[in-house]
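First up is the structure itself, then whatever we jot down about it.
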Amino acid sequence: MLRTVERKILSYLKTSYRGSYIDIGSVVGSSDKIWTLSLNQQSTETPIVLLHGLGAGVALWVFNLDSLAKHRPVYAIDLLGFGRSSRPNFSSDAKEAEDQLVRSVESWRRETQLDKFVLLGHSMGGFLAASYAIKHPERVKHLILADPWGFPEKPSEVVQKRNIPLWVKAIAYVVQPLNPLWAVRFAGPFGQWLIETTRPDIIRKFSPILKEEPSLISQYIHQCNAQTPSGESAFHAMMQGFGWAKNPMMKRIDQIDSSVPITFIYGSRSWIDNTSGEAIKQIRSNSYVNIQVINGAGHHVYLDKSDIFNRYVQDACLLSDKYPKLSNGDEVKLATEIAQSNESEPAESAVEANNNKTAST
Amino acid sequence: MNLSFAGCGFLGIYHVGVAVCFKRYAPHLLLDKISGASAGAIAACCLLCDLPIADMTSQLLRLAKEARTRTLGPFSPSLNVQHFLLDSLQKLLPDDAHLRVSGKLHISLTRVYDGKNVIVSQYNSREDVLQALLASSFIPLFCGLLPPRFHGIRYMDGGFSDNLPTLDENTITVSPFCGESDICPRDLSSQLFHVNLANTSIELSRQNMYRFARILFPPDAEILSNMCKQGFDDALRFLTRNNLINCNRCLAVQSTFVIPESVDLGEDGTTTSNGRDNGNNKYGNERGGGGGGDCDDCRMHRQEALVANLPETVLMLFQEAIDSANKGLVNWLFKHRSVRLLSLLSLPYTLPADVVYATFTKFVLNAPKLQKSLMDMTRYFLEQLSLVFPKINVYYQPMPQTIKCHVNIMDYGSNMYSDDEPLLYKPHKANVNVTLEYDDNAKTWTDCGQSTNCVINVSNLTPSGIDNRQTASDNFENMLQATADREALMAYYYVEDGSKVHFSEIIDINDEDNDNRDNQQFSSDSETWKVQNNDEELNRLNSEMSSTPNSMINNETDVSTESNHQWYFNQQQQQPQSYQQQQKQQQQCTPE
């Protein structure tokens, strides 16, 4: 079911893609498989790996795959416990669950024999990407975080609880132990309808490809989340309170090797606080941190303004290709340079120039 | 760039804060289209009409206070929110409001009968604007039972279908709920989940849950004041972040070329072909600098904005409201929980009084209108009655009549044809014939037939009966002549099974005497009957037909049954011809 819906969505892609299960052995469960989409594998450029957010899957990158695969290999994976990947039981400990997820990504990398890649994560995927970069900095050529989750620390209870009436607290208390997307499963056959009514905005974002079957995306999201909530419970384990990370990335961002360049891409309307990007810029004063805000985009920044998003990602990748050692202060200079080169000549020629350069060196 | 305000009931106070900020720091943004639903529409309208913010605020505070003093809050029967809104808008809106807002103010409405969203932007009169605003803020049951009409169609709150109407890509969305809007409170929460209700994205957080409840139940003045401040701050943050704050002089310069530019941006945004420039121009520092707003004044302006707060007038209003809610023995008393509880407990006793009071005031208010509407209603009712009753007659009367007349008809036929004439139609002249039983009925129906035209159809059978009876002595020739001379008033044609065409005519013979008498020829067992009346158009037909009737009639007179059969045959033979004519004539006759 999920497979047919996914195939229908991906039929929109112009680039040919290959979908395969990568067997990663026993990382969490006994034999875990990770569903992987790979595009343009024959390219020799640095590949890019896409990690989706909570409740999503590979098919939601449909607007980005084509454009990114033009220049480099693209790998999009369903994280372990999500989408079409296997759904083992994760630990209920925040630290352990996070480790398990990161280990699964690393095993996947080993199986696919990637050496160094650009890692792009959205929302929860961004959190995991950052966590991965802490553990395996040598693998990450560039860390791109699209509206990542789990960065800021949870504010103290005193500040938050103020002014909240009792009944609201009561509801919050009841809902807290449940998995984040419990409502979708609870609704049973009405789950798809629930998604359609509560998130018509996501479905609207896909309107260019939904001409024949308007319910495709809601079906996909429903199918992704109607199964055993294994990855979701891992997320629940990493979460505390109302959507805060138990081990916020803010505290640990300095553990990422300073050689790893980071690009943040935020939507201007996003409710995930983009001040954390600025704070990270302060913390990592001796390494490359670039913050891009896309106007008019929300949390699903890769869908809202996919053109701009793709360009920013492409720019960041080009930048790392061009300058293996990026450091603080480079971003302004380099960004303008890249932008200029992009404006003066089409992106393809920029890549070619880039190729020549790498060839000569 | 367009503005869009979300509908949010009493949280509309947030919009006031935003409006203050825009008015002061970015008036150029208010020149374009502004859309909104519900409370957002009212805010948009006030902004476009340039109403004093203080008035808006005080009205809103007054309404909130009214609602809070009642135990049931705004649900109290005696508080009519719609009425209150109408009153204050009547007072505040300028006379040329429709001219000012037409084409700019986009109000989102929900059509009641199919639940679809409608956005209106053209208003012919001030009343139009008021109606649209009221319709847009009509929440069923909360505001009343019957939704108001706008241009004849009933609408309700736009929040049910599209709470945050966006006109194009470059719409600045303002929403008092933390979520994915340009200007909205940024709660301290890292919540990952939000829902999208009627186009408004609302984060699932405790604060938003609280806000949601406050849509209909206004909080106290202090919280309202905080919300207003929050709106001001959020709007200011948005403006500073996007470098939209400039001094007036630079704005004047800018408005000549930046606004066209922003229009271009809008086009780019929609086609997304040129997304890059769009993103860069609007964001980053380029725009503010590029717009030429970099003079000292601008910088001063921006500096000032950093520490700005709500204007004094508005703040004072809030302060007054807070004070009035806190001071005084009564307020102090009512703040106590015990008193609250008491008022809740006493609800069953106070509620009926409240309802009575509400009905009474409603009655008094509507008394002048009531008379008219009552008159209208009775008139309508009577019309319906008068329409219905004849119909009832039609359906009731023919049945017994026709059945009864079966017998008569045969006899009439014979009578009729044996007799005739001008005298023929004089009532009660002739001898009464075979079917006495039906006489009474027949007579009554004749009366009816004479009195109204409609009933003539019905009474066709009977008058003839009478005629025949009355005019037993008349000659058929005379009658025939009479029919030949005059045109039928009405003619009926119908096809019976076996595709036999039958027809009847009603002929008016009021020249001779003043009676309207119908002359009918019934042939056979009522399957064919013919009522003839004098009119020229039917003459042709008559003349044609007359040959057959004539012979046949003679037959009838002599041997009734046999003749009947003959008549049939004749009729049938004649069918094709006569049928055409009949049809033609029917067409001609029907207008009469």
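The values are calculated or read from the model by the stated rules, or taken from the named source; none is laboratory data. On a predicted model such as this, the values are computed, not experimentally measured, just so you know. Ideal geometry is used to build each Cβ from the backbone, glycine not excepted, and the neighbour counts take in all protein chains shown. What goes into the accessible areas is simple: the full protein's heavy atoms, side chains included, and nothing from ligands, DNA or RNA. Shrake-Rupley method; radii C 1.70, N 1.55, O 1.52, S 1.80 Å.
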(request) Rank these residues by their accessible area, most exposed first, probe 1.4 Å: B:H194, B:H336, B:H151. (result) B:H151, B:H336, B:H194
(request) Based on the mean of other Cβ atoms within 10 Å per residue, sort peptides A:249-255, A:117-123 so the most packed one is first. (result) A:117-123, A:249-255
(message) Sorting check: for B:317-326, A:84-93, which peptide has the highest mean count of neighbouring beta carbons within 10 Å, and how do the rest follow?
(response) A:84-93, B:317-326
(message) Using a 1.4 Å probe on the protein heavy atoms, what percent of the accessible area of the stretch B:24-90 belongs to carbon and sulfur?
(response) 53 percent
(request) Shielding by partners for A:200-207, please: the mean number of other protein chain Cβ atoms within 10 Å of each residue's Cβ. (result) 2
(request) Determine the residues within the stretch A:227-245 where the difference in accessible area between the chain on its own and the full set of protein chains amounts to at least 40 Å²; count protein heavy atoms only and use a 1.4 Å probe. (result) A:F242, A:W244
(request) Run through all the Cα pairs of chain A and give the fraction in each 20 Å bin from 0, expressed as whole percent. (result) 29, 60, 10, 0
(request) Please report the relative contact order for the stretch A:35-145, taking Cα pairs under 8 Å with a sequence separation of at least 6, and give it as a percent rounded to a whole number. (result) 30 percent
(request) Would you mind telling me the share, in percent, of accessible area of chain A contributed by carbon and sulfur at probe 1.4 angstrom? (result) 52 percent
(request) Take the alpha carbon gyration tensor of the stretch A:172-266, find the square roots of its eigenvalues, order them as a ≥ b ≥ c, and report rounded if a/c is under 1.5; if not, report prolate when a/b exceeds b/c, else oblate. (result) oblate
(request) Would you mind checking the pairs A:K8/A:K211; A:K135/A:K251; A:K14/A:K205; B:K116/B:K369 and listing those with alpha carbons more than 21 angstrom apart? (result) B:K116/B:K369
(request) Give me the Kirkwood hydrodynamic radius of the stretch A:34-180, using the inverse of the mean 1/r over all pairs of distinct Cα atoms, in Å to one decimal. (result) 16.8 Å
(message) Quick check of the Kirkwood formula: for the stretch A:130-222, what is the inverse mean of 1/r over all pairs of different Cα atoms, in Å?
(response) 17.4 Å
(request) Per DSSP H run of at least 4 residues, take -39500 (n - 2.57); add these up for chain A, divide by its residues and hand me the 222 nm value, nearest 500 deg cm²/dmol. (result) -13500 deg cm²/dmol
(request) Whole Å is fine, so just give me how far the alpha carbon centre of the stretch B:76-139 lies from that of the stretch B:197-229. (result) 23 Å
(message) Below 8 Å, C-alpha to C-alpha, sequence gap of six or more: please give me the relative contact order for chain A in percent.
(response) 18 percent
(message) Checking buried surface per residue: for the stretch B:200-220, which residues lose a minimum of 50 Å² accessible area in the protein assembly relative to the chain alone (1.4 Å probe)?
(response) B:R206, B:M209, B:Y210
(message) If you take each beta carbon of peptide A:261-269 and count the beta carbons of other chains within 10 angstrom, what is the mean?
(response) 2
(message) Nearest 100 Å² is fine: what is the total accessible surface buried where chains A and B meet, probe 1.4 Å?
(response) 3700 Å²
(message) Please give the charge dipole size of the stretch A:1-134, origin at the Cα centre, charges +1 on K and R Cβ atoms and -1 on D and E Cβ atoms. Round to the nearest 20 debye.
(response) 520 debye
(request) Please give the net charge around B:G179, taking every other residue with its beta carbon less than 11 angstrom from that of B:G179, where Lys and Arg add +1 and Asp and Glu add -1. (result) -2
(request) Label the stretch B:176-241 by shape, choosing from rounded, prolate and oblate, from the square roots a ≥ b ≥ c of the eigenvalues of the Cα gyration tensor; if a/c is under 1.5 it is rounded, and otherwise prolate applies when a/b is larger than b/c, oblate when it is not. (result) oblate
(request) Beta carbons within 10 angstrom, averaged per residue: use that to sort the peptides B:159-167, A:29-37, highest first. (result) B:159-167, A:29-37
(message) Heavy atoms of the protein only, probe of 1.4 Å, neighbouring chains included. What is the accessible area of A:W167 in Å², nearest 10?
(response) 110 Å²
